[in-house]
Amino acid sequence: MKIKKNIALSDSGFVFDPATGDSFTTNLIGMEIIKMLKDGKSHQEIKTAVLKKYLTDEATFEKDNYDFINMLTKHRLTDGDEKEKD
Amino acid sequence: MTTKKLQYERPVIQKLNTGVMNKFGTKTEYSPVTHIENNSVKELINKFGSPLFVISEKTIRDTYHSANRAFKNRYPKVQFAWSYKTNYVNAVCNVFHQEGSWAEVVSGFEYNKALGNGVPGNKIIFNGPDKREEELLLAINNDSLIHIDHLDELYLIKELANETNHRPRVAIRVNMDTGVYPMWDRFGFNYENGQAWDAINKIMLNDKMDLVGLHCHIGTFMLAPSAYGIAAGKLSELALAIKKKYKKNIQYIDMGGGFASKNTLKGSYLQGVDTSPTFDQFAESITTAILNAGFTENELPLLILETGRAMIDDAGYLLGTVISNKRLSDGRRATIMDFGVNILFTSFWYDHKISPAQEFGQHTEDAVLYGPLCMNIDVIRENITLPPLMRNDHVVVHTVGAYNMTQWMQFIALRPAIVMIDTQNVAHVIRNRETLNSIQGDEVMPTHLKDFKL
């Protein structure tokens, strides 16, 4: 899973897609996941980072991340053609 | 050295849409409510289970005082009667009785409940279209106030009066045009077409019963105090006409119930807290009409009020827990709660205010709130803005004290416990959570169906 390269992300959680003009807002953890995706981090690397930093368990994060990635895709913020790097 | 981990919040992303802003600003109903009168929501659920109804005794008493003050400041003779059908959990009824409320019942079941609570028979108002013969006889012998709904009931009371030494104390229920739609004309006798006056004549010309009052109940969740003014005016005219024709003073005018609570009706643009009239507005409208009708000071009838919903709604909370989150086919967030329309019947009518019961960040999501029933109609809120709730998070549903604990349905699950928080902030169970035996204790299995082999 990769985020489109031209997506802009501010420190306050504001997400802008210059290709469509759409803008979004995300929370702190969403912002961190998007940043890691932009940096090319794998799903496993993201999971490890989140579990290390936040009070949660693997199953909860898996469910929530699945939903979050689906929403990124629904909002056309991902490069759909590229396969996820694991 | 270990680093302290941060509180986790589900990742969310929300598209920003430009459009017309609500002129009242963004909604703020997602402020967390972690405690109800010093009782932690989490601890209440841990102790009494989820879902859980919670009733505030203090709010009931404060609301009663507020209503009582509004009417007594304007009129010399006022009596409240607690509407059992709104919430007949005995502890709730007794709070009202301790405050001085009589009982207003609409069935034999409720009548016996009031007697069981210790309400004297002559302080029970018996309303409703279905009063059985034995129930009427009991009410007559107890000197209760019987509000006649139809001619069949009037003639039955005439017959019963011949069988007993007690003179039935009756009133008639009057329906009328008060300028609101829909007009409630299925209960009682119509004012405009003369039915009410016909019924009055039949009672007055009978020497075995006493017409002591006039009653009306013009609607429910009424947002127009002026309609009560019209109704009070018409009942006063009837009372004065009775005085003129029969030289008899009507002892009381009963304005029924129907005052709106602070809930928000579905489809309403404004919040209920902003649109529902106050007790003072209802009181002003009703008492002005009676005081100006032409009664002398000594003839002023007792004013009875059967206000239910507006008295108890604010005092009730429903605590619940998130079962799961899911995403609908159109991308909307759906959250499944452990309470549904089976116990929150009023979610068919209201957009209930629902608050998370734990602290959250500033981000929110638009969501649909579903109940746990395996039925498509089980929707608590079609759309609501809430922080990202997670499984096992708790919520507080506000203003649920009216009708939910009487109209709730036992469907596929057991009904929850009800807890009352007293004025010292101590929680008491006032109705236990149901058990399997509560439901099937009265079932009877025919012998030939007892055994089977699979």
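Taken together, the values in this text are just the output of simple stated rules run on the coordinates, not laboratory data. What you see is a predicted model, and the numbers here were worked out from it, not measured in a lab. Don't worry about glycine lacking a Cβ; one is built from the backbone with ideal geometry, like all the others, and counts go over all protein chains shown.
Note on B:Q281 and B:S268: the extension gain reaches 2.6 nm, defined as 0.36 nm multiplied by sequence separation minus the Cα-Cα distance. Net charge in the neighbourhood of B:N162 (other residues with Cβ under 12 Å of its Cβ; Lys, Arg +1, Asp, Glu -1) is 0. Put simply, the protein assembly as shown fits an ellipsoid with semi-axes of 57, 27, 20 Å; these come from the alpha carbon gyration tensor as the roots of five times its eigenvalues, largest first. For the stretch B:158-311, the alpha carbon convex hull comes to 129 Å³ per residue, rounded to a whole number. For chain A, the longest principal axis of the alpha carbon atoms and the long axis of helix A:43-53 meet at an angle near 60°. Of the residues B:S261, B:S226, B:S236, the one whose Cα sits farthest towards the positive end of the charge dipole of the stretch B:199-289 is B:S236 (charges of +1 on Lys and Arg Cβ, -1 on Asp and Glu Cβ, taken about the Cα centre). Rg over Rh for the stretch A:8-74 works out to 0.97, using Cα positions for both radii and the Kirkwood form for Rh. In a simple Cβ point-charge model (Lys, Arg +1; Asp, Glu -1; nothing else charged), the protein assembly as shown has a dipole of about 740 debye relative to its Cα centre.
In the protein assembly as shown, the DSSP-assigned H stretches of four residues or longer account for a calculated mean residue ellipticity at 222 nm of -9000 deg cm²/dmol, using -39500 (n - 2.57) per stretch and the full residue count as denominator. When the GluC sites (Glu not before Pro) in the stretch B:365-443 are filtered for DSSP coil states and for at most 16 other beta-carbon atoms within 10 Å of their beta-carbon, the remaining sites are B:E434, B:E443. Every pair of different Cα atoms in the stretch B:45-146 enters the Kirkwood calculation, which places the hydrodynamic radius at 14.9 Å.
Stokes-Einstein diffusion of the stretch B:413-454 at 4 °C, 1.567 mPa s viscosity, Kirkwood radius from Cα pairs, rounded to a whole number: 96 µm²/s. Once the Kirkwood radius over Cα pairs is known for chain B, the Stokes-Einstein relation at 25 °C and 0.890 mPa s delivers a diffusion coefficient of 101 µm²/s. Here the scattering of the stretch B:57-313 is modelled by Debye summation over its C-alpha atoms, one equal scatterer each and no solvent; at q = 0.13, 0.16, 0.17 Å⁻¹ the log10 of I(q)/I(0) is -0.80, -1.23, -1.38. Summing +1 for each Lys or Arg and -1 for each Asp or Glu among the other residues whose beta-carbon sits under 13 angstrom from that of B:A232 gives -1.
The trypsin sites (Lys or Arg not before Pro) of chain A that meet both conditions, a loop assignment by DSSP and at most 14 other Cβ atoms within 10 Å of the site Cβ, are A:K5, A:R76, A:K83, A:K85. In the elastic network of chain A, a GNM with C-alpha springs shorter than 10 Å, the most mobile of A:T73, A:T25, A:T56 is A:T56. Placing +1 on the Cβ of every Lys and Arg and -1 on the Cβ of every Asp and Glu, with no other charges, gives the stretch B:57-313 a dipole of roughly 460 debye about its Cα centre. Give a quick list of GluC sites (Glu not before Pro) in the stretch B:281-364 that DSSP marks as loop, anything other than H, G, I, E or B, with at most 13 other Cβ atoms within 10 Å. Loop-located and lightly packed - B:E359. Among B:E133, B:E9, sorting on how many other beta-carbon atoms sit within 10 Å of each Cβ, with the fewest leading, yields B:E133, B:E9. Here the stretch B:288-302 and the stretch A:1-78 have alpha carbon centers that stand 71 Å from each other.
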